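Peer 1: The structure under discussion is supplied below as structure tokens; questions concerning it will follow.
The values are calculated or read from the model by the stated rules, or taken from the named source; none is laboratory data. Since the structure is predicted, the reported quantities are computational estimates derived from the model, not experimental observations. Cβ placement follows ideal geometry from the backbone for every residue including glycine, while neighbour counts extend to all protein chains displayed. We work out accessible area using only protein heavy atoms, side chains counted, and drop any ligands, DNA or RNA first. Shrake-Rupley method; radii C 1.70, N 1.55, O 1.52, S 1.80 Å.
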Amino acid sequence: MDSRRQSKVNRLLQKEISEFFQRNAHYGNGALITVTEVKITSDLSIARVYLSLIGTKNPQQVIDKVVEKTSSIRGEIGTLLRNQLRKIPEFHFFLDETAQYAQNIGKIIDNLDIPPEDNES
């Protein structure tokens, strides 16, 4: 269970990182990057940032580019939040595959051959 402070920091980081990716679309190589969730540790030192990618054939390549640029992303977010957070946490970026998983489940359900139910009583 997150503390109230953790929840506030999670929301603040999610908002700022989302806006960062909107301003810096080149990080996505043409893909739309959405921050689906941020989970910060109880000591506020590490933030796990989950990204959803739309419009790319190779999402791992985009994540790798984001991970490579983590220090510059953290620096820019730190500049924006310098008056709100004492210390900017480390960012660990992960691919959120929830949307892809749901899409695959939908395809499986659509391909099921379910015979109609007999309504004879």
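Peer 1: Give the residues of the stretch 39-51 that are touching a strand residue (DSSP E or B) at 6+ places or on another chain (Cβ under 7 Å) and either open to solvent by 20 Å² or more (accessible area, probe 1.4 Å) or farther than 15 Å from L12 by Cβ (or both), sorted by residue number.
Peer 2: Selection gives K39, S45, I46, R48, Y50, L51.
Peer 1: Could you please give the count of residues in the stretch 1-12 that are open to solvent by 100 Å² or more (accessible area, probe 1.4 Å) and part of a helix (DSSP H, G or I)?
Peer 2: Qualifying residue count, the stretch 1-12: 4.
Peer 1: Hey, another quick one. Check every one of the helices (runs of 4 or more DSSP H) wholly within the stretch 52-121 and list those with 3 or more residues that are hydrophobic (A, V, I, L, M, F, W, C) and open to solvent by 80 Å² or more (accessible area, probe 1.4 Å).
Peer 2: Values: elements: 59-68, 70-80, 98-110.
Qualifying helices (runs of 4 or more DSSP H): none found.
Peer 1: Related question: Could you tell me which residue of the stretch 13-25 is farthest from I63 (Cα to Cα), considering only residues that are open to solvent by 40 Å² or more (accessible area, probe 1.4 Å) and not acidic (D, E)?
Peer 2: Top of the filtered list is K15.
Peer 1: Okay, moving on. Going through the stretch 26-38 one residue at a time, which ones are open to solvent by less than 30 Å² (accessible area, probe 1.4 Å) and either over 17 Å from I88 (Cα atoms) or in a helix (DSSP H, G or I) (or both)?
Peer 2: Correct list: Y27, G28, A31, I33, V35.
Peer 1: If I filter the stretch 55-74 down to residues being among the β-branched types (V, I, T) and touching a helix residue (DSSP H, G or I) at 6+ places or on another chain (Cβ under 8 Å), which single residue comes out as nearest to I88 (Cα to Cα)?
Peer 2: Out of the qualifying residues, it is I73.
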